[in-house]
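Take a look at the structure below.
The values are calculated or read from the model by the stated rules, or taken from the named source; none is laboratory data. None of the values given here were measured: they were computed from a predicted structure. Ideal geometry is used to build each Cβ from the backbone, glycine not excepted, and the neighbour counts take in all protein chains shown. We work out accessible area using only protein heavy atoms, side chains counted, and drop any ligands, DNA or RNA first. Shrake-Rupley method; radii C 1.70, N 1.55, O 1.52, S 1.80 Å.
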Amino acid sequence: MDKDKYFLALKTAFASEFCFYLKAHNFHWNVEGPLFTQLHQLFGGIYEEVYASIDDFAENLRKLDIYAPASLQKFSMLSTVDDENNVPEFQAMLQELLADSEKMSSIFRITFDMAEANGDHGLSNFLADRQDAHKKHSWMLRASLK
Ligand SMILES: [Fe+2]
(Lines give C-alpha, C1' and ligand atoms only; values in the text may rest on other atoms or scores of the structure.)
Protein backbone atom coordinates (compact mmCIF):
# COMPACT_ATOMS: atom_id res chain seq x y z
CA MET A 1 0.00 0.00 0.00
CA ASP A 2 1.36 3.38 -1.06
CA LYS A 3 1.19 5.36 2.19
CA ASP A 4 1.31 8.77 0.48
CA LYS A 5 -1.65 7.85 -1.72
CA TYR A 6 -3.58 6.47 1.27
CA PHE A 7 -2.96 9.54 3.43
CA LEU A 8 -3.80 11.94 0.59
CA ALA A 9 -7.08 10.06 0.02
CA LEU A 10 -7.93 10.44 3.73
CA LYS A 11 -7.13 14.17 3.72
CA THR A 12 -9.18 14.59 0.54
CA ALA A 13 -12.12 12.75 2.15
CA PHE A 14 -11.85 14.96 5.25
CA ALA A 15 -11.69 18.24 3.28
CA SER A 16 -14.56 17.09 1.04
CA GLU A 17 -16.68 16.19 4.07
CA PHE A 18 -16.05 19.62 5.62
CA CYS A 19 -17.03 21.33 2.34
CA PHE A 20 -20.13 19.13 2.14
CA TYR A 21 -21.04 20.18 5.70
CA LEU A 22 -20.59 23.86 4.78
CA LYS A 23 -22.77 23.53 1.68
CA ALA A 24 -25.59 21.86 3.64
CA HIS A 25 -25.39 24.70 6.21
CA ASN A 26 -25.35 27.28 3.37
CA PHE A 27 -28.54 25.72 1.93
CA HIS A 28 -30.16 25.57 5.40
CA TRP A 29 -29.63 29.34 5.70
CA ASN A 30 -30.41 30.43 2.15
CA VAL A 31 -33.14 28.12 0.83
CA GLU A 32 -36.36 29.87 -0.26
CA GLY A 33 -39.63 28.79 -1.79
CA PRO A 34 -42.97 27.12 -1.03
CA LEU A 35 -41.24 24.20 0.76
CA PHE A 36 -39.08 26.49 2.90
CA THR A 37 -39.86 24.92 6.28
CA GLN A 38 -39.35 21.33 5.15
CA LEU A 39 -36.14 22.07 3.24
CA HIS A 40 -34.72 24.32 5.98
CA GLN A 41 -35.21 21.37 8.35
CA LEU A 42 -33.93 18.77 5.88
CA PHE A 43 -30.72 20.71 5.22
CA GLY A 44 -30.50 21.41 8.97
CA GLY A 45 -30.60 17.70 9.85
CA ILE A 46 -27.95 16.95 7.26
CA TYR A 47 -25.48 19.66 8.28
CA GLU A 48 -25.85 18.78 11.97
CA GLU A 49 -25.20 15.07 11.35
CA VAL A 50 -22.14 15.75 9.19
CA TYR A 51 -20.73 18.44 11.49
CA ALA A 52 -21.02 16.07 14.46
CA SER A 53 -18.67 13.64 12.65
CA ILE A 54 -15.95 16.17 11.79
CA ASP A 55 -14.07 16.18 15.10
CA ASP A 56 -13.86 12.36 15.21
CA PHE A 57 -12.69 12.38 11.61
CA ALA A 58 -9.86 14.84 12.38
CA GLU A 59 -8.86 12.80 15.45
CA ASN A 60 -8.79 9.64 13.33
CA LEU A 61 -6.30 11.42 11.03
CA ARG A 62 -4.17 12.39 14.03
CA LYS A 63 -4.10 8.74 15.18
CA LEU A 64 -2.23 8.02 11.93
CA ASP A 65 0.01 11.06 12.60
CA ILE A 66 -1.57 12.95 9.70
CA TYR A 67 -2.12 16.67 10.31
CA ALA A 68 -5.78 17.54 9.78
CA PRO A 69 -6.32 20.08 6.98
CA ALA A 70 -7.85 23.00 8.88
CA SER A 71 -7.89 26.18 6.82
CA LEU A 72 -10.27 27.38 4.12
CA GLN A 73 -7.37 27.40 1.66
CA LYS A 74 -6.41 23.79 2.48
CA PHE A 75 -10.05 22.71 2.28
CA SER A 76 -10.51 24.27 -1.15
CA MET A 77 -7.20 22.82 -2.41
CA LEU A 78 -8.13 19.28 -1.34
CA SER A 79 -11.93 19.09 -1.56
CA THR A 80 -13.71 17.25 -4.35
CA VAL A 81 -16.96 18.97 -3.27
CA ASP A 82 -17.09 22.35 -5.01
CA ASP A 83 -18.07 25.54 -3.21
CA GLU A 84 -21.45 27.03 -4.05
CA ASN A 85 -20.99 30.79 -4.33
CA ASN A 86 -24.49 31.54 -5.58
CA VAL A 87 -27.96 30.89 -4.19
CA PRO A 88 -29.52 28.22 -6.46
CA GLU A 89 -33.27 27.55 -6.71
CA PHE A 90 -34.41 24.98 -4.15
CA GLN A 91 -34.64 22.12 -6.69
CA ALA A 92 -31.06 22.85 -7.80
CA MET A 93 -29.94 22.85 -4.16
CA LEU A 94 -31.46 19.38 -3.71
CA GLN A 95 -29.87 18.07 -6.92
CA GLU A 96 -26.46 19.53 -6.11
CA LEU A 97 -26.37 18.25 -2.53
CA LEU A 98 -27.59 14.83 -3.72
CA ALA A 99 -24.76 14.60 -6.28
CA ASP A 100 -22.27 15.65 -3.58
CA SER A 101 -23.66 13.16 -1.07
CA GLU A 102 -23.35 10.35 -3.62
CA LYS A 103 -19.78 11.49 -4.28
CA MET A 104 -19.07 11.33 -0.53
CA SER A 105 -20.48 7.76 -0.35
CA SER A 106 -18.15 6.76 -3.13
CA ILE A 107 -15.13 8.47 -1.47
CA PHE A 108 -15.90 6.60 1.76
CA ARG A 109 -16.24 3.28 -0.10
CA ILE A 110 -12.78 3.77 -1.60
CA THR A 111 -11.10 4.99 1.61
CA PHE A 112 -12.75 2.13 3.56
CA ASP A 113 -11.04 -0.35 1.22
CA MET A 114 -7.71 1.43 1.69
CA ALA A 115 -8.05 1.45 5.50
CA GLU A 116 -8.94 -2.26 5.50
CA ALA A 117 -5.96 -3.08 3.28
CA ASN A 118 -3.76 -1.19 5.74
CA GLY A 119 -5.20 -3.01 8.78
CA ASP A 120 -6.70 0.22 10.22
CA HIS A 121 -9.94 -1.42 11.30
CA GLY A 122 -11.06 1.27 13.76
CA LEU A 123 -10.76 3.83 10.98
CA SER A 124 -12.48 1.57 8.46
CA ASN A 125 -15.43 1.24 10.88
CA PHE A 126 -15.65 5.03 11.02
CA LEU A 127 -15.46 5.30 7.22
CA ALA A 128 -18.16 2.64 6.82
CA ASP A 129 -20.42 4.63 9.14
CA ARG A 130 -19.79 7.79 7.09
CA GLN A 131 -20.65 5.95 3.88
CA ASP A 132 -23.88 4.75 5.45
CA ALA A 133 -24.76 8.23 6.77
CA HIS A 134 -24.35 9.64 3.25
CA LYS A 135 -26.52 6.90 1.82
CA LYS A 136 -29.25 8.05 4.22
CA HIS A 137 -28.74 11.73 3.28
CA SER A 138 -28.89 10.75 -0.41
CA TRP A 139 -32.15 8.86 0.14
CA MET A 140 -33.78 11.89 1.79
CA LEU A 141 -32.56 14.31 -0.87
CA ARG A 142 -33.63 11.96 -3.69
CA ALA A 143 -37.09 11.45 -2.11
CA SER A 144 -37.51 15.24 -1.87
CA LEU A 145 -36.95 15.59 -5.62
CA LYS A 146 -39.85 13.29 -6.67
FE1 LIG B 1 -30.42 27.12 11.92
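Taking only the Cα atoms of segment 1-56, the ratio Rg/Rh comes out at 1.19, with Rh defined as the Kirkwood radius. Let me make sure I get this right: for segment 64-146, a, b and c are the square roots of the gyration tensor eigenvalues over alpha carbons, sorted descending. Under 1.5 in a/c it's rounded, otherwise prolate if a/b > b/c, else oblate. Which is it? Taking the square roots of the gyration eigenvalues as a ≥ b ≥ c, segment 64-146 is oblate. Name the shape class, rounded, prolate or oblate, that the alpha-carbon gyration tensor gives for segment 36-80, where a ≥ b ≥ c are the square roots of its eigenvalues, rounded holds for a/c under 1.5, and otherwise prolate holds if a/b is larger than b/c and oblate otherwise. Oblate shape, in that a/c is at least 1.5 and b/c is the bigger or equal ratio.
Remark: segment 64-145 carries a charge dipole of roughly 160 debye about the Cα centre, counting +1 on each Lys and Arg Cβ and -1 on each Asp and Glu Cβ. Accessible area per residue for segment 88-146, computed on protein heavy atoms with a 1.4 Å probe, is 51 Å².
What does the charge count near W29 come to, summing +1 for each Lys or Arg and -1 for each Asp or Glu among other residues with Cβ under 14 Å from its Cβ? With Lys, Arg at +1 and Asp, Glu at -1, the net is -2.
Across the options L8, A24, L35, the greatest Cα extent toward the positive end of the charge dipole of segment 1-49 (unit charges at beta carbon of Lys, Arg, Asp, Glu) belongs to L8. When the solvent-accessible area of the chain is split by element, carbon and sulfur atoms take up 51 percent of it, the probe being 1.4 Å. Classify segment 65-109 from the C-alpha gyration tensor, please: rounded if a/c falls under 1.5, else prolate or oblate depending on whether a/b exceeds b/c. Oblate shape, in that a/c is at least 1.5 and b/c is the bigger or equal ratio.
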